[in-house]
Amino acid sequence: MNSEASSTRDVRLALISHTNVGKTSLTRTLLHSDVGEVVDAPHTTMENTLHALATTAEGDRLLLWDTPGFGDSLRLKARLTQRDTAVGWFLAEVWDRVADRALYSSQQAMLAARDLTDVILYQVNAAEDPEFATQVEAELAMLAWLDKPVILLLNQLPPHSRRAERGALEQRWQDRFGKPPIRRVLALDAFERSWIDEVQLLAAVAEELPKAQRASMARLLPMWQAQALERFRASIEAVSTLLVTAILDREALSAGQPARLARIGALRRLGSRLETAVKKMDATLIRIEGLEGASARRIDTALTATRSHGDRPSPLQGAASGAALGGGAGAALDLALGGASLGLFTALGASLSAAAGWSWCQRAVDKRTLGWSAAFIEDLLVEAAARYLAVTHHGRGRGRYEGAALDSWRELAETAKGASKAEVDALLAAFDDPEQLQERTRLAVRAILTRALLREYPHGEWIL
């Protein structure tokens, strides 16, 4: 087992759970790096592994032990309590090392947690009913043996759960297990979490530290928060760049064509450039979140895939029908544009009518030039915000990105846009004012993303 010299500049955490609950996935999420092996099998992590989550210029370090999971809790407890005897020591250090490697590794995890850590992060499967989580009772008895403060983390939350559902789960587990050694119960899912949750976790850790480590944590926590806010600012810039690019984009109508075909052609070219701009924004958001390699490719594929729309009417049928509303009409425009723009017209709920044609998304800059309309930019703003929310919540334990998540984030982004009417109106008023456009776009994006996050994480107001 690795050893680490005790230091008042080190804040030492241990991540402990039953086997196959998701410790390594959460470690990857906190590190923004693919470390260890993540498979759906028990005892994947067989040794204690030490990771540095953060280091300050003054030499303070936030350290995390990723430990082997608990297996047979009763046997493990017996081994730990018998170590002071000669027979117990032989079984633990000699026999188990050869005959039962998993049990030996679990013992080493507990010893490391007792001797080398300040706070225990105990991860449980939130899908279990806490009233019947008997193994948690047994494991808490062992955690009490450590004589360390314990923060219980709820992992494997229901997919795409929102604030009310997370809060209810926290309360149920708090009611059931909120007694020593448990100090706090927090939802922190390796599959879908927020950077606000991470800062909140470290704030909870700070409250439980021994006095000797508090000065170090007083420097580590602001640094972690500042790094998270810098990623947030960079994401705001990426979304703003997409919006400004779309607002300023222009396309001339081809000469010598009927007006309708010329408009379709111009929209196709605008849509193609929009597709490129959205892909660039997606790639930037993914890079900002540190989702590199295979994980980034999986997310990028899903984020930029055209959604399945079923039977889609032709654009001529849609226009002639008189009132083809919502996704079907948007799909018709997607089809008219030759598949450009990532299915955005369907995603944005575009509407067609015989009178308006595709005027919902286009505006005539002059008699021979088209650009995107204010109505379309408003909807694009919601779509871009939803894409940010989807990427920033992606945990490394989740695997392949699912399109359903983007739908749920669209609803939140739409609500946040409604609460940001003043900033959005100021942006739309600057359509033809390049000097004001960039700053007003940035303010509108910041307002929507901030309000979306605060709606989900009202406790994070001090962080933002």
Segment ALA419-ALA86, extension gain: residue separation times 0.36 nm, minus the distance between their alpha carbons: 113.1 nm
Pairwise label distance in nanometres, GLU411 with ARG260, each label 7 Å out on the Cα-Cβ vector: 3.8 nm
Zero-based 10 Å bins, Cα pair distances in the stretch 183-235, whole percents: 23, 46, 28, 4
Likely footprinting exposure, VAL199, VAL239, VAL365, VAL98, fewest C-beta neighbours within 10 Å first: VAL98, VAL365, VAL199, VAL239
Surface/4 estimate of mean projected area, convex hull on alpha-carbon atoms of the stretch 61-149, nm²: 6.6 nm²
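Can you tell me the order of 74-85, 243-254 when each peptide is scored by its average per-residue count of other Cβ atoms within 10 angstrom, highest first? Walk me through the numbers before you get to the answer.
Numbers: 74-85: 14.8, 243-254: 17.6.
The densest-packed peptide leads the list: 243-254, 74-85.
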Under 11 Å, Cβ to Cβ, from GLN135 - net charge with Lys/Arg +1 and Asp/Glu -1: -4
Computed P(r) (all Cα pairs; the stretch 10-191; 10 Å bins; percent): 9, 37, 36, 15, 2, 0
Likely footprinting exposure, SER73, SER7, SER216, fewest C-beta neighbours within 10 Å first: SER7, SER73, SER216
Radius 12 Å from Cβ of PHE177, net charge of other residues (Lys, Arg +1; Asp, Glu -1): -1
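If Rh is defined by the Kirkwood formula over all Cα pairs and Rg also comes from Cα, what ratio Rg/Rh do you get for the stretch 145-229?
Rg divided by Rh gives 1.00.
Give me the net charge for the shell around ARG233: Cβ to Cβ below 12 angstrom, other residues only, Lys and Arg +1, Asp and Glu -1.
+1
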Ranked by how many other beta carbons lie within 10 Å on average, peptides 87-93, 154-160 from highest: 154-160, 87-93
Listed residue pairs exceeding 24 Å between alpha carbons, taken from LYS23/LYS148; LYS148/LYS179; LYS367/LYS417; LYS279/LYS417: LYS367/LYS417
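Multiply the residue gap between ALA203 and ASP115 by 0.36 nm, knock off their C-alpha separation, and tell me the result in nm, one decimal place.
Answer, rounded to one decimal: 29.4 nm.
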Taking ARG387, ARG263 and counting other C-beta atoms within 10 Å, the order from fewest to most: ARG263, ARG387
Bridge type composition, the stretch 10-191 - antiparallel percent by DSSP, nearest 5: 20 percent
Cα gyration tensor category, rounded, prolate or oblate, for the stretch 96-217 with a/c compared to 1.5: oblate
Debye intensity ratio I(q)/I(0), log10, the stretch 360-452, q values 0.19, 0.20, 0.26 Å⁻¹ (C-alpha model): -0.89, -0.95, -1.27
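Taken together, the values in this text are just the output of simple stated rules run on the coordinates, not laboratory data. Bear in mind that the values here come from a model prediction, so they are computed numbers and not experimental data. When we count neighbours, we look across all protein chains shown, and the Cβ atoms used for this are built from the backbone with ideal geometry, even at glycine.
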